[in-house]
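The values are calculated or read from the model by the stated rules, or taken from the named source; none is laboratory data. Computed from a predicted model, the values in this text were never measured in an experiment. Neighbour counts run over all protein chains shown; Cβ positions are idealised from the backbone, glycine included.
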Amino acid sequence: MSDRPIDPLEPEELAGLEDFAPDDPRVAARGPRVRAQLRAHRDFVTPGEIPDGARVDEAEQRLGQLLEREIGIPFTGPIDPGTMPAHPIRPAPVRDGFWSWLLGPRMRPALALGALLVVLGGVWLVRSGRQAQPTVMRGTETPASPTDLASATLTRDDGSVHLEWLAAPRAASYTLVFLSPDLSEVARISDLHATSLDLRAGALPTGLASGASVLWRVHAMSGNDEIARSRTTSITVP
Amino acid sequence: MNRIPSEDIPDDVLLARYRGGPDTEEGRRAAGQLLGRYRGRVYTWCYRVVGDHDRALDLAQEVLLKAWRALPGFGGRSRVSSWLFAIARNECLTAVRPRTLRVDPHVDPVELLVEHEDPPMVLATREEEAAMEALLRDHLSPVEQEAIWLRCFERLPVPEVTRLLGLTNTSGARSVLQSAREKLRAVLERRRTAP
């Protein structure tokens with residue numbers, strides 16, 4: 001018999017796989033260990049329904065106080081967005097008078113119609129705005145499209161960096177954008193038709209310097225319209 | 001320039017701001033935002049594993065403290081979420097099983113899975129886990145493989161395994177685990193009777 005420490009999970013084991021579903025063929029080949037841990041990681045990031053008995057509000061408050069004490073900065077952070085689904089568990093507020101009438105079942109069709117009109121009006125405004133001026137993408141803008149394009153980064157043994165993303169339906173091309181840590185754009189590669197790109201020292205796009213830390217993301221384009229974009233993630237340029 | 005609301009700033013950007021001046025007010029504020037945005041999720045994960053509010057809160061505090069102290073050395077080779085998950089997962093596993101494990105090299109890993117409810121108590125090394133992975137792959141369906149792994153190695157309670165795998169049958173992961181164990185028991189029998 002011998003005593004051995006428990007086997008820890010190294011975060012790098014999941015690096016580059018976080019955007020893939022556990023049953024994605026690229027993940028399935030990795031075996032049950034990675035699949036199960038990836039599934040657990042996804043649940044960690046997006047917990048869904050909070051388990052019975054968990055007191056998330058109280059925990060968030062206490063943990064916020066802890067961070068404030070340790071870091072030495074007044075902590076005014078928002079509620080952890082990942083646990084927001086927990087909050088509908090709270091009892092619904094009691095309504096009376098005008099609000100009870102307005103939000104009651106009788107008024108729901110009218111409210112639904114109103115909401116639909118607002119959405120349609122918003123779509124019309126966005127579309128007319130896009131026709132009036134060409135699409136301009138800047139790294140500091142609030143994302144105009146959902147960050148729903150799965151992407152992954154892999155540093156290979158030879159030092160090259162492999163950037164990969166899933167094809168977006170209706171995408172005619174992809175644009176890669178590289179940003180400095182202060183979010184100013186340093187390089188852009190447009191009109192890509194592949195869903196991956198290798199960065200190699202000695203053959204770098206203009207604006208990228210070997211050894212620099214940059215952020216990258218990919219935009220799926222349909223003509224001049226951006227239809228999806230990936231998360232912004234950091235890499236070290238080979 | 002449009003300002004991005006703090007909750008929409010990507011983790012990488014907050015990390016870069018922290019690295020730009022770890023001891024400055026802006027760097028510390030970025031670190032607070034970065035760790036703070038995960039505090040509910042860290043607690044929730046801990047709660048899923050231990051099923052007790054006070055214990056989960058203690059564990060979550062420990063995770064965030066470790067993360068704060070380790071932040072200067074975080075290389076950014078994985079996402080912040082993966083890094084924090086690894087810390088939370090390792091902290092929870094340490095809490096629910098002894099710090100060191102008794103490993104008997106003479107025990108057949110298959111026998112452990114079949115005969116013991118708690119194989120990780122005796123299976124610890126990466127080599128043994130690799131052997132176990134190969135065994136599971138060879139003899140179990142993908143769902144059974146993951147169910148066994150989540151239950152035995154990630155130490156998740158059966159209802160959590162059911163939820164994670166999205167199982168909708170009435171017995172949930174319990175029947176999947178039972179089926180997996182029966183298959184492994186058959187493998188063990190074949191090994192025992194093999195010449």
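Some notes on this structure:
- Residue match in segment B:178-188 (condition: under 23 Å from A:Ala29 (Cβ atoms) and of a type in the set (Gly, Ala, Ser)): yes
- Check on B:Trp45, touching a residue at least 24 places away in the same chain (Cβ under 8 Å), over 26 Å from B:Arg163 (Cβ atoms), at the interface with another protein chain (Cβ under 9 Å from one of its Cβ atoms) and crowded, with 17+ Cβ neighbours inside 10 Å: no
- A residue that is at pLDDT 80 or above and hydrophobic (A, V, I, L, M, F, W, C) occurs somewhere in segment B:126-134.
- Of all the listed residues (A:Glu60, A:Glu12, A:Glu70), the sole one being part of a helix (DSSP H, G or I), modelled with pLDDT of 90 or more and in contact with a Ser or Thr (Cβ under 8 Å, 6 or more places away or on another chain) is A:Glu60.
- Candidates B:Ala86, B:Ala60, B:Ala31, B:Ala16 - the one that is touching a residue at least 40 places away in the same chain (Cβ under 8 Å), facing chain A (nearest Cβ under 7 Å) and surrounded by 17 or more Cβ atoms within 10 Å (Cβ to Cβ): B:Ala31
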